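No value in this document is a laboratory result; all are computed from the given coordinates. A quick note: this is a predicted structure, and the numbers were derived from the prediction, not measured. Cβ atoms come from the backbone with ideal geometry, glycine included; neighbour counts cover every protein chain shown.
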Amino acid sequence: MAIKSFQGARKQQNATDSVQLKVKDYMSTKLITFRPTQSVQEVVKALITNKISGGPVVNENQELIGIISEGDCLKQLSESRYYNMPLEHDTVDKRMARDVETIDGNMDVFDAANKFLKSKRRRFPIVENGKLIGQISQKDILIAALELKGENWNSTTKRGS
């Protein structure tokens, strides 16, 4: 008795048919950024208004100098109440995280997904020639995965900006 396979013929993949999915093709470029001299109260308002959980802090040359998050703001709120200090006098540069891990815009999105899993971060800024050019989030990686064709984990189309 002959055994029939239920798997159809597989299409041979050409190396030229597939394009690596790169972080820069899926990153957000319209970012809400903060300045080191802004008050934490301004940041809180911006986070709530824009429904975001944090953002990059840049200097006047658009160079990344830190990240400020909801957690940083909550810590400030808690301490201001404990020490009875007004909110409006605390600035971003006193609360932001300065040790910022970035990601290369040319990195494959699957390598980026792995980096997200290992670091437990929600977003990574992308810096090019010293300037902040974008940010990739876990959601952006999921969007890239949805755009894949078939099960070969390669795509020949890029996301429109």
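If R₀ is 25 angstrom, what is the calculated FRET efficiency for the pair LEU74 and ALA113, using the beta carbon separation as r and rounding to 0.05? FRET efficiency, LEU74 to ALA113: 0.35. Taken over the range 25-64, the convex hull of the Cα atoms encloses 78 Å³ per residue. Rg and Dmax over the alpha-carbon atoms of the range 23-146 stand at 15.2, 49 Å.
Over all Cα atoms in the range 93-142, the spread is summed up by Rg and Dmax: 11.4, 35 Å.
Taking the Cα of THR33, stepping 7 Å toward and past its beta carbon, and measuring to each backbone N in the range 49-67: which are under 13 Å? Those under the cut-off are 55-67.
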